1. Quick check on region B:50-87: of everything there that is open to solvent by 40 Å² or more (accessible area, probe 1.4 Å) and basic (K, R), which residue is nearest to B:V37 (Cα to Cα)?
2. Does B:T102 count as open to solvent by 60 Å² or more (accessible area, probe 1.4 Å) and under 14 Å from the mean Cα position of the chain (by Cα)?
3. In a loop (DSSP other than H, G, I, E, B), of a type in the set (V, I, T) and in contact with a Gly (Cβ under 7 Å, 6 or more places away or on another chain), is that true of B:T95?
4. All but one of (1) within 13 Å of the chain's Cα centre (by Cα); (2) under 17 Å from B:Q107 (Cα atoms); (3) open to solvent by 20 Å² or more (accessible area, probe 1.4 Å) hold for B:Y39, so report the exception by its number.
5. What's the total number of residues in region A:101-115 that are facing chain B (nearest Cβ under 7 Å) and over 24 Å from B:T95 (Cβ atoms)?
6. Cβ-Cβ under 9 Å, sequence separation 6+ or interchain: first residue in region A:46-57 and within 12 Å of chain B (Cβ to nearest Cβ), partner β-branched (V, I, T) and part of a strand (DSSP E or B). Which pairs?
7. For the condition within 14 Å of chain B (Cβ to nearest Cβ), touching a residue at least 40 places away in the same chain (Cβ under 8 Å) and under 11 Å from the mean Cα position of the chain (by Cα), what is the one hit in A:S31, A:S93?
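The values are calculated or read from the model by the stated rules, or taken from the named source; none is laboratory data. Just so it is clear, the model here is predicted, and its values are computed rather than measured. With ideal geometry, Cβ positions are generated from the backbone for all residues, glycine too; neighbour counts draw on all protein chains shown. Each accessible area value is taken on the protein alone, full model and side chains, heavy atoms only, with ligands, DNA and RNA left out. Shrake-Rupley method; radii C 1.70, N 1.55, O 1.52, S 1.80 Å.
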Amino acid sequence: KAGVTQTPRYLIKTRGQQVTLSCSPISGHRSVSWYQQTPGQGLQFLFEYFSETQRNKGNFPGRFSGRQFSNSRSEMNVSTLELGDSALYLCASSLGTDFSYNEQFFGPGTRLTVL
Amino acid sequence: GNSVTQMEGPVTLSEEAFLTINCTYTATGYPSLFWYVQYPGEGLQLLLKATKADDKGSNKGFEATYRKETTSFHLEKGSVQVSDSAVYFCALSPTDKLIFGTGTRLQVFP
């Protein structure tokens, strides 16, 4: 069974640009969540999608958005990039929405560098 | 609110040494608790979990017990190997997200 895949793996952008990251979940998984990992703030929850609906959102500005398609693939978008957006963005998928009981399977991440 | 505090690293050990990585949490309600591991260049992998007080999670020789009275979920392993070198994250889930600690880097030398 293929794992969670994220594309691209590495990305370099400049301030003010926008970026779109993609995540393909494990086949059959309908929940996709996104996390930002930085040395200073650690791992922080961005949002979760299930059946094309955003179910939960972390404490990030509106520049961070996402969506989920009918095949459960998800994209996240960051507009008007800032230097502080440089981070590893991790995507995780699971069968259901209860994080207590549904194991989260993480992808390898997309490393975004903002210059 | 919900939060996780884990010991700062790096933790440096010789092969076959005993490992403890401390983790304490603050939570409303009764969250599930997790340890994740991140090997270099890879995503996070679930190492073990416990869903209620006094549960012990175990995997690959690692163990952690959900202690409600001390709000702790310390990770232990009796004999570490070089291949255990990684970053370990303690996390809790109140059901709708994962809340992570800052991570502890473990370095094991032969």
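1. Checking each candidate, the answer is B:K60.
2. On the way: open to solvent by 60 Å² or more (accessible area, probe 1.4 Å): yes; under 14 Å from the mean Cα position of the chain (by Cα): yes.
For B:T102, the condition - open to solvent by 60 Å² or more (accessible area, probe 1.4 Å) and under 14 Å from the mean Cα position of the chain (by Cα) - is met.
3. no
4. Unmet for B:Y39, out of (1) within 13 Å of the chain's Cα centre (by Cα); (2) under 17 Å from B:Q107 (Cα atoms); (3) open to solvent by 20 Å² or more (accessible area, probe 1.4 Å): (1).
5. 2
6. A:E48/A:V32; A:F50/A:V32
7. Going through A:S31, A:S93 in turn, the sole match is A:S93.
Each row is one residue, and each column tells you yes or no for (1) outside any strand (DSSP E or B); (2) within 28 Å of A:E48 (Cβ to Cβ); (3) more than 10 Å from chain A (Cβ to nearest Cβ); (4) basic (K, R).
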{"position": "B:T20", "(1), (2), (3), (4)": "no, no, yes, no"}
{"position": "B:Y25", "(1), (2), (3), (4)": "no, yes, yes, no"}
{"position": "B:T28", "(1), (2), (3), (4)": "yes, yes, yes, no"}
{"position": "B:W35", "(1), (2), (3), (4)": "no, yes, yes, no"}
{"position": "B:A53", "(1), (2), (3), (4)": "yes, yes, yes, no"}
{"position": "B:E63", "(1), (2), (3), (4)": "no, no, yes, no"}
{"position": "B:T70", "(1), (2), (3), (4)": "yes, no, yes, no"}
{"position": "B:S83", "(1), (2), (3), (4)": "yes, no, yes, no"}
{"position": "B:V108", "(1), (2), (3), (4)": "no, no, yes, no"}
